[in-house]
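See below for the structure under consideration.
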């Protein structure tokens, strides 16, 4: 018997606003910038990168690149994409 596996794709499980909120919140609370960027990219993929590109008036390929494992999105890009998710950044005391 052969077991077939496939690569884990987090974006397949980000299917409700509540799940997305908790996922992003957990990633941000870790304090790891790369993890945050990856999480935002996963949510963008789950929502549809083409749709996020339209909502942010940004190029789809550039969004893929910005939120790739080696990406380094500008702060402005992060804010625009979070707004496309209907989220905003807030600051709280530690």
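Only the coordinates and a few stated rules stand behind these numbers; no lab work does. Bear in mind that the values here come from a model prediction, so they are computed numbers and not experimental data. Reconstructed Cβ throughout: ideal geometry from the backbone, glycine too, with neighbour counts over all protein chains shown.
By the helix-only formula, in which each DSSP H run with n ≥ 4 contributes -39500 (n - 2.57) and the sum is divided by residues, the chain has a 222 nm mean residue ellipticity of -17500 deg cm²/dmol.
If neighbour count is taken as other Cβ atoms inside 10 Å, put 92, 51 in order from fewest to most. Don't skip to the answer; put the middle values down first.
On the way: 92 4, 51 12.
In order of increasing Cβ crowding within 10 Å: 92, 51.
With a Cα-only, solvent-free Debye model of the chain, what are the log10 I(q)/I(0) values at q = 0.11 Å⁻¹? Computed log10 I(q)/I(0) values: -0.32. Put a dot 7 Å past the Cα of residue 92, heading toward its Cβ, do the same for residue 59, and the two dots end up 3.8 nm apart. How far is helix 75-84 tilted off the main Cα axis of the chain, in degrees rounded to 10, range 0 to 90? Tilt relative to the chain: about 70 degrees. Taking the longest Cα principal axis of the chain as reference, the axis of helix 33-47 is set at about 70 degrees.
Among 25, 88, what is the fewest-to-most ranking by other Cβ atoms within 10 Å? Display every interim value, and only then the final one.
Numbers: 25 11, 88 8.
Ordered from fewest to most neighbouring Cβ atoms within 10 Å, 25, 88 come out as 88, 25.
Between residue 1 and residue 70, the FRET efficiency from the beta-carbon distance, with R0 = 22 Å, is close to 0.05.
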